[in-house]
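The values are calculated or read from the model by the stated rules, or taken from the named source; none is laboratory data. Computed from a prediction, not measured in an experiment: that's the story for all the values here. Cβ atoms come from the backbone with ideal geometry, glycine included; neighbour counts cover every protein chain shown.
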Amino acid sequence: MADRDHLKILKAGVEEWNEWRQANPHIRPNLRLANLRGFELSRMNLSECDLFGVCLIEADLAGSDLSASDLYGADLYGANLEGVHLLASDLSGAKLSGASLSEANLVKVNLYGAIMVGANLSWSNLSQANLHRASLPVATLFGATLVGVDMEWSDLTGADLRQVNLRGADLYKADLRSADLTEANLSQINLYETNLARSRLIRANLSDANLQGLNIAGADLSEANLNQAHFRQVRFDEATIWPAEFDFTLLEAQS
């Protein structure tokens, strides 16, 4: 349970809370399981806080610092997290559906198994983050940076991934059916047994990518860069659209 004194200071507002944090850097605030639904918490110093299981439904946390905080199992449905700092925080199992995390710092964040249906992560930085088995159907990640991210077994069906940077990411067995990856950087990515059926990969960079077992049935790869991509047991059909200069002998040689 949350510490009553800590909760009281938090409810006093951003100035009093931030002053208390600055005066007591040795204290780790305990707000676990607190009900902060709809609270105004923008620009607050919530770094290294215990926020385990906290209810932050539709709370406003814009511009706040939540770096290295424990948000395991937290409910952030519809919350405003625009521009927040969540560097190395634990959000595994968290509920973030409908939340806005645009331009957020999510470097090395743990989002294992997080539920993020329809979340907005446009222009956010998720480099080296853990999104293993995360659920992000119809989420918006336009322009996001996801270099080296772990997205094995994640659900990105219908997601907006235009202009994302996924260089060196691991999407083993991820589901990206009907996702839009127009102009995405997918160089050196692992797409082993990934499902990209009916996806848009127009002008995407797939150079030096691992495409073994990839499903691109009905996908549009117009003007995509497939230089030095590794083909083996790639699944496609007559509806798959290939780059104009694609070398089909690469597919004939796969076994």
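Residues that are β-branched (V, I, T) and farther than 21 Å from S124 by Cβ were ranked within the range 166-206; the one that is surrounded by the most Cβ atoms within 10 Å (Cβ to Cβ) is T194. State which residue is surrounded by the fewest Cβ atoms within 10 Å (Cβ to Cβ) when the search covers only the range 43-73 and only residues that are small (G, A, S) and in contact with a Leu (Cβ under 6 Å, 6 or more places away or on another chain). The residue in question is G53.
What about S64, is it small (G, A, S), modelled with pLDDT of 95 or more and within 26 Å of Q163 (Cα to Cα)? For S64, the condition - small (G, A, S), modelled with pLDDT of 95 or more and within 26 Å of Q163 (Cα to Cα) - is not met.
Considering D160, D175, D220, the condition of being of a type in the set (D, E) and either farther than 23 Å from E238 by Cα or in contact with a helix residue (DSSP H, G or I) (Cβ under 6 Å, 6 or more places away or on another chain) (or both) is satisfied by D160 alone.
Does A209 fit the bill of being under 26 Å from V147 (Cα atoms), at pLDDT below 95 and either surrounded by 18 or more Cβ atoms within 10 Å (Cβ to Cβ) or small (G, A, S) (or both)? Here the answer is no, as A209 does not meet what is asked. Pairs are defined by a Cβ separation below 9 Å, a sequence spacing of at least 6 or placement on different chains, a first member in the range 83-107 that is touching a residue at least 60 places away in the same chain (Cβ under 8 Å), and a second member that is buried (at least 20 other Cβ atoms within 10 Å of the Cβ) and assigned to a loop (DSSP other than H, G, I, E, B); no pair meets this definition.
Could you tell me which residue of the range 198-226 is nearest to the chain's Cα centre (by Cα), considering only residues that are in a strand (DSSP E or B) and under 14 Å from N185 (Cβ atoms)? Going through the qualifying residues, I end up with N205. Give V14, V109 a once-over and let me know the one that is surrounded by 22 or more Cβ atoms within 10 Å (Cβ to Cβ), at negative phi and of a type in the set (A, V, I, L, M). Answer to the selection: V109. Filtering the range 1-39 to residues that are part of a helix (DSSP H, G or I) and β-branched (V, I, T) leaves I9, V14. Does R43 satisfy the condition of being modelled with pLDDT of 95 or more and over 20 Å from G63 (Cβ atoms)? Against the criterion (modelled with pLDDT of 95 or more and over 20 Å from G63 (Cβ atoms)), R43 does not qualify. Residue count for the range 95-128 under the criterion of being touching a Lys or Arg at 6+ places or on another chain (Cβ under 6 Å) and within 20 Å of Q163 (Cα to Cα): the result is 1. Pairs are defined by a Cβ separation below 7 Å, a sequence spacing of at least 6 or placement on different chains, a first member in the range 126-139 that is among the basic types (K, R), and a second member that is assigned to a loop (DSSP other than H, G, I, E, B); the pairs so defined are R133/Y112; R133/G113; R133/W153; R133/S154. Close contacts from the range 177-192, counting a first residue that is farther than 20 Å from T240 by Cα and a second that is surrounded by 24 or more Cβ atoms within 10 Å (Cβ to Cβ) and modelled with pLDDT of 95 or more, with Cβ to Cβ under 6 Å and a gap of 6+ residues or different chains, come to I189/L166; I189/A169; I189/A209. Among (1) under 19 Å from L87 (Cβ atoms); (2) touching a Ser or Thr at 6+ places or on another chain (Cβ under 6 Å); (3) of a type in the set (G, A, S), where does A174 come up short? So A174 meets the others, but not (1).
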